[in-house]
Amino acid sequence: MKTPKILVVDDERSVRQAIRFELEEDGYEVHYASNFLEAFELFHNMGADIIITDLFLEKGNGVDLIQKIKSENDEQPVIVITAYPESELGQHAKSIVKDRFHVKPFFMDQLKTQVTEILGKQAVSFAS
């Protein structure tokens with residue numbers, strides 16, 4: 001069985017590293033990007049089983065990233081993390097991703113549980 005790939009997109013290095021450390025410890029293959037363009041390029045070059053993205057990014061934003069990726073693959077799982085949930089962009093993202101929305105500072109255990117649940121559902125759908 002292949003190791004699930006996760007793409008983490010955040011302009012804060014410490015956030016990227018913390019998520020990467022925690023998820024790699026759980027056995028996932030984690031790649032990260034610091035801005036919109038880098039994230040989109042990485043996604044096209046390597047793919048991802050899940051994308052975890054911040055909303056406010058350099059050279060674009062998380063909502064635009066989600067919409068661009070989902071225009072190509074509507075089933076692509078995305079989790080949003082943001083320090084600005086009440087912003088217009090935050091409200092728009094929440095309407096897109098529903099319960100896959102975490103407010104910074106977030107609980108890493110909750111994020112990891114959600115990643116595990118999403119990947120579990122994907123494995124079941126691939127097996128069907």
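Do we find that Glu38 is within 22 Å of Leu89 (Cβ to Cβ), at pLDDT below 95, out of contact with any Leu (no Cβ under 6 Å at 6 or more places or on another chain) and of a type in the set (D, E, K, R) in this structure?
Judged against the criteria, Glu38 is not a match.
Is there a residue in the range 33-49 that is touching a Pro at 6+ places or on another chain (Cβ under 9 Å), surrounded by 15 or more Cβ atoms within 10 Å (Cβ to Cβ), closer than 21 Å to Lys112 by Cα and not β-branched (Val, Ile, Thr)?
Scanning the range 33-49 turns up at least one residue that is touching a Pro at 6+ places or on another chain (Cβ under 9 Å), surrounded by 15 or more Cβ atoms within 10 Å (Cβ to Cβ), closer than 21 Å to Lys112 by Cα and not β-branched (Val, Ile, Thr).
In the range 66-81, how many are of a type outside the set (S, T, N, Q) and over 10 Å from the mean Cα position of the chain (by Cα)?
Adding up the residues that qualify gives 6.
Specify which of the listed residues (Ala123, Ala18) is at pLDDT 95 or above and more than 13 Å from the chain's Cα centre (by Cα).
After applying the criteria, what remains is Ala18.
The values are calculated or read from the model by the stated rules, or taken from the named source; none is laboratory data. In this text the structure is predicted, and so the values were computed from the model without any measurement. Because the Cβ atoms are built from the backbone with ideal geometry, glycine has one as well, and the counts that use them run over all protein chains shown.
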